[in-house]
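Novice: Got a structure for you, written out below as structure tokens; questions coming shortly.
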Amino acid sequence: MCLFCSYDSEGVVRENVYQYLDELALAGFNIVFISSSDAIRDTDMEKLSRCCIRIMNRENKGYDFYGWKTGLEKYAEYRYHSGLLLANDSVLGPLFSIRDIIARFARCEADVVGMTESFHFHPHLQSYFIYCKKNVILSEEFVRFFREVDTLELKIAIIRKYEVGFSRLLGARFRLSALYGLETVLARFDYHQRPVRWIEPTFHLWKPLITELKFPFLKKSVLKRRGVSLEELGAVLAESGSSYDLAMLNDWIGPQDSVHPARENFSDVP
């Protein structure tokens, strides 16, 4: 199953989010949609019900870790599923078929599998897409971690205590792995513009990740904070052979001139 956190300043579920949800459903995930927008429109409730098994609306506080905590508390049946994906709408995609990624998760010997990792503060999996196998979600460590998640508001505190803390706590017992490990990626690309602990791969290496490694996601902050244009993105997608339709961003790019703090990746540090 998948716990999917979402936020939109206008309370709208955008077309790029529906595309993401549809791909997850096609890949076999039962999706619990957790919105921290003020409300979910009736039209969106109807559309979400077609691809999600449960829809929740919560107060916008505590960032996504608190959203996942809410999902675990309100959907206790998660423990009966074969695995749990923690995801959010801070990324665009999948740019390529996600089924290959899910197959790699299943084949991976690690117990907790992410897409990318960061060395900021301490090596850890980045939290926009993390898959936990059943032995993990049934563990005392997993249950205790989310039981103790609180509504911290300072971003730096969230990074240290929850994004880093999740990997450190579970890594003490379980094997963790990133499909696109930072050291492996850096060995492939000649990037020396900043110390390794300050490299956020989906932000600083987004272009070669997509064109050379067929990485299936693009952080929205690449467009909103880095200022990459749709024209440049379109050229990169064409070079990579991705069929992702940029037209679905038309309802998102215009009205949202800034990224809400709850939607930024915790590891997008300057």
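The values are calculated or read from the model by the stated rules, or taken from the named source; none is laboratory data. Here the structure is a predicted model, which is why all the values come from computation and not from measurement. Positions of Cβ are backbone-derived with ideal geometry, glycine not excepted, and every protein chain shown enters the neighbour counts. Heads up: the accessible areas ignore ligands, DNA and RNA and are worked out on the full protein's heavy atoms, side chains in. Shrake-Rupley method; radii C 1.70, N 1.55, O 1.52, S 1.80 Å.
Novice: What are the pairs, 6+ residues apart or on separate chains, where a residue within the stretch 70-88 that is under 14 Å from L24 (Cα atoms) has its Cβ under 7 Å from a residue that is open to solvent by 30 Å² or more (accessible area, probe 1.4 Å)?
Specialist: G83/Y131; G83/K133; G83/K134; L85/Y131
Novice: May I ask you to list the residues in the stretch 20-65 that are open to solvent by 40 Å² or more (accessible area, probe 1.4 Å), touching a residue at least 60 places away in the same chain (Cβ under 8 Å) and among the polar types (S, T, N, Q)?
Specialist: Answer for the stretch 20-65, where residues must be open to solvent by 40 Å² or more (accessible area, probe 1.4 Å), touching a residue at least 60 places away in the same chain (Cβ under 8 Å) and among the polar types (S, T, N, Q): just N60.
Novice: Just a yes or no: is a residue in the stretch 252-265 open to solvent by 60 Å² or more (accessible area, probe 1.4 Å), at pLDDT below 95, part of a loop (DSSP other than H, G, I, E, B) and of a type in the set (D, E, K, R)?
Specialist: Within the stretch 252-265 (the criterion being open to solvent by 60 Å² or more (accessible area, probe 1.4 Å), at pLDDT below 95, part of a loop (DSSP other than H, G, I, E, B) and of a type in the set (D, E, K, R)), the answer is yes, since at least one residue qualifies.
Novice: Let me ask something else about it. For the stretch 80-131, what are the residues that are among the aliphatic types (A, V, I, L, M), over 19 Å from R175 (Cβ atoms) and touching an Asp or Glu at 6+ places or on another chain (Cβ under 7 Å)?
Specialist: Once the filter is applied, which keeps residues that are among the aliphatic types (A, V, I, L, M), over 19 Å from R175 (Cβ atoms) and touching an Asp or Glu at 6+ places or on another chain (Cβ under 7 Å), the stretch 80-131 yields only I98.
Novice: Looking at E212, E183, can you tell me which residue is under 25 Å from S243 (Cβ atoms), part of a helix (DSSP H, G or I) and open to solvent by 60 Å² or more (accessible area, probe 1.4 Å)?
Specialist: Exactly one residue qualifies, and that residue is E212.
Novice: For S6, work out the one condition from (1) over 25 Å from D251 (Cα atoms); (2) within 14 Å of the chain's Cα centre (by Cα) it doesn't fulfil.
Specialist: Answer for S6: the failing condition is (1).
Novice: Restricting attention to the stretch 3-32, which residues are assigned to a helix (DSSP H, G or I) and more than 23 Å from Y75 (Cα to Cα)?
Specialist: Hits for the stretch 3-32 are E15, N16, Q19.
Novice: Any idea which residue in the stretch 161-180 is nearest to E200 (Cα to Cα), counting only those that are open to solvent by 10 Å² or more (accessible area, probe 1.4 Å), in contact with a helix residue (DSSP H, G or I) (Cβ under 8 Å, 6 or more places away or on another chain) and not in a loop (DSSP other than H, G, I, E, B)?
Specialist: Y180
Novice: Hey, can you tell me all the residues within the stretch 71-91 that are surrounded by 22 or more Cβ atoms within 10 Å (Cβ to Cβ) and either of a type in the set (V, I, T) or not in a helix (DSSP H, G or I) (or both)?
Specialist: L84, L86, A87, N88, D89, S90, V91
Novice: Could you count how many residues in the stretch 224-246 are part of a helix (DSSP H, G or I), closer than 16 Å to V17 by Cβ and modelled with pLDDT of 95 or more?
Specialist: So the answer is 1.
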